[in-house]
Each structure stands twice: as structure tokens, then as C-alpha cells.
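Participant: For reference, the structure I am asking about is given below.
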Amino acid sequence: MTTTDMPSPVDAGGRAVSKKRRRGAATGGLRQAVSATTLLWILACLYGLPVLWFILSSLKPASDLFSYPLTLVPHNPTLSGFKAAWNSANFSQYFINTTIVCVITTILTVGVSCCTGYALAKYDNKWLKVFFLCILATTMLPSEVMLAPEFLVVRDLGLYNSFAGIILPAVLTATGCFMFRQFFLTVPDELVEAARIDGARELSIFLRIMVPLSRPIMLTLAILSFQWRWNDYIWPLLMLNDPNKFTVQIGIQSIVGAQNINWSVLLGASVISMIPLIAIFLVFQRYVMGADINAGLKD
């Protein structure tokens, strides 16, 4: 059979589909893909340029930060700002304090949010729905409005100037409860019913089925919670007055002088405070992926 005798492709209605039409469709799809990729690269550059400027500026001497014309790449890169920032404050103690607060708060936040989200999603009770609305209502209040009553409660409980006073108010977050509730709603009820028919108890269903399925949400919330607590400044500033218990953000603020600001030292300290967050994201980002919530079910 010659090339001219090759049958032309046909569609569902038996009509021939021309190769020109298929070639045009492929070209249009490629054009759309290139346009979307170009737009994403533009957005990435817009978001990444300030961060790049910030990091490169930390490598500049103090005399070059405000020189005209402004330059992106430092002419004489130096690490003096980082060394001065590390030596001017007790950064090692600040890092230890912040790590303790972030790790404990993240573990408690993920655990409490997972239990709360599962109860709100899988148990049918009108009071649970009211409770969920109350949790969502807290997101509509500015954080500044809640600072005064939270401070009074924590002080009256005897938790002032302690790590517990920072950790406990941050454990229950409306964002975490909402994330887990929305995830557990997507888990088929047939999976839970099949486990109950097999004789599994409610606690066993939660720990052996729901918790493993929610691992992507757990890791996502863990990254967010760690970031929130690491960058928290206002609440630790209100709760702590012992310099040995200061967190990283308060330590950075202590570098700022009353009369002048050494921008080279301040930029170096800020970049140092970013390193743990970047490391956490790079380590755990590959684990944040979609879970197969239909595992264990037959078609």
C-alpha cells in the first residue's frame, strides 16, 4: 500500500478529519502552553526580584547600600554584616528558643487541627456546625482586637514570661481546622463504613485510616505553622521580658538602635533568620503531594 492509499482518520460521526486541522489544533495548544509558561515566569521574576535584591544587599558594605546609582550586584561582596549581626546579639540562644516554640506549637497545632477537622467533617451534629461557624468567625476579627483579652487570660493563668504563654494561644487555628475539615469531606464515607463493618473502633479508624490519608495536609499545615511561629513578633514581644527567652524576631529588633540603624547588620540578621524557613521548605516540599483518598475501595 502506498502513502496515498493510507486511510484518513475519522471522527465519531464517520467524517474524515483533515491533517491540516489537527496540525492547527496542536499549534494552538502549544501557543497556549507557551503563553501560560511565559506568564508564570514573569510572575516568578516579579516576586523573586525583591528577595534577590534583599539577599544581595546583605552582601554589600554599609557604604554601598545607598550609593548612587543603585546596583543589584555588590561590587565588593563581604560577610561583615552577617558576622556583626551574629556577634552583636545572642543569636544562638534566640535560635534555640524559637526552635523550641515552633516545634512544640507545630506538633500541637497539627494534632488538634486534625482531630477537630475530622469531628467536624464526619459527625453529623447541629452543635458541631455551630461550633464550626464560631471557629470561622474568629478569622473575621483583626488579631489586634484579640491581643488584649488573650494577654489578660494568659497573665491570670500565670503563664506570663514563659514559653507556654506563647505556645498555648497559638495551638488552635481556624485555618488548620478548616483545611482538615475540607480534606476529610472529600474522603468517601464508604471507606469509614467499610472499616466499621470490619469491626474497627472510631479511634482506630481515625489513627489507622484518616491520619495516614491526611499526611499531605498535615505537612502543609506544619510548614505554615512553623513559618507563622518563626515570624511571630507582636505576641512574643508582649509575653516575654527575659532576654534569655527572646525569640529571633525580638533579637533582630534589638539590633535596631534608638538613634540610627546599621542597615548592613540588620540585613545580615534578617537573612540569617530566613535560613531555617528555607531549609524546612526545601526538605518537606516533596512530601506535600496529593493523596489517593480512594485507596482501599473497590469500583
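The values are calculated or read from the model by the stated rules, or taken from the named source; none is laboratory data. Quantities reported herein were computed from a predicted structural model and do not represent experimental measurements. Here the Cβ is made from the backbone with ideal geometry for all residues, glycine too, and neighbour counts use every protein chain on show. Each accessible area value is taken on the protein alone, full model and side chains, heavy atoms only, with ligands, DNA and RNA left out. Shrake-Rupley method; radii C 1.70, N 1.55, O 1.52, S 1.80 Å.
Participant: Compute the length gained on full extension between Tyr233 and Tyr160: take 0.36 nm times their separation in residues and subtract their Cα-Cα distance, giving the result in nm to one decimal. Write down the numbers at each step before the final one.
Facilitator: Numbers: separation 73, 0.36 × 73 = 26.28 nm, distance 1.58 nm.
Working it through step by step, the gained length comes to 24.7 nm.
Participant: May I ask you to list the residues of segment 221-248 whose amide nitrogen lies under 13 Å from a point 7 Å from Cα along the Cα→beta-carbon direction of Val256?
Facilitator: Answer for this model: 233-234.
Participant: Give me the 1.4 Å probe accessible area per residue for segment 136-248, excluding ligands and nucleic acids, in Å². Present the calculation step by step, with values, prior to reporting the outcome.
Facilitator: Numbers: 6170 Å² over 113 residues.
Value for segment 136-248: 55 Å² per residue.
Participant: Rounded to whole Å, give me the distance from the Cα center of segment 88-104 to that of segment 137-185.
Facilitator: Measuring centre to centre over Cα atoms gives 21 Å.
Participant: Using a probe of 1.4 angstrom, how much of the accessible area of segment 27-114 is carbon and sulfur, in percent?
Facilitator: Values: 4200 of 5640 Å².
Roughly 74 percent of what the probe reaches on segment 27-114 is carbon or sulfur.
Participant: Oh, and also: Treat each spin label as a single point 7 Å out from the Cα along the C-beta direction, and report the Thr99 to Trp53 distance in nm.
Facilitator: In this crude label model, Thr99 to Trp53 measures out at 3.4 nm.
Participant: Another question, then. What's the magnitude of the charge dipole for segment 161-281 around its Cα centre, counting Lys and Arg as +1 and Asp and Glu as -1 at the beta-carbon? Answer in Debye, nearest 20.
Facilitator: Values: 7 positive and 7 negative charges, 41 e Å.
Computed charge dipole of segment 161-281: roughly 200 debye.
Participant: In sequence order, what are the phi-derived ³J(HN,Hα) couplings for segment 206-216 according to the Karplus relation 6.51 cos²θ - 1.76 cosθ + 1.60 with θ = phi - 60°, rounded to whole Hz, with x for glycine and proline?
Facilitator: 5, 7, 9, 10, 6, 4, x, 5, 8, 4, x
Participant: Over the alpha-carbon set of segment 196-247, work out the extent along each principal axis and list the three values in angstrom, largest first.
Facilitator: Principal-axis extents of segment 196-247 (Cα, largest first): 56, 19, 15 Å.
Participant: Sorted by average packing, counted as other Cβ atoms within 10 angstrom per residue and highest first, what order do 246-255, 68-77 take? Don't skip to the answer; put the middle values down first.
Facilitator: Values: 246-255: 20.7, 68-77: 9.4.
Ranking the peptides 246-255, 68-77 by packing returns 246-255, 68-77.
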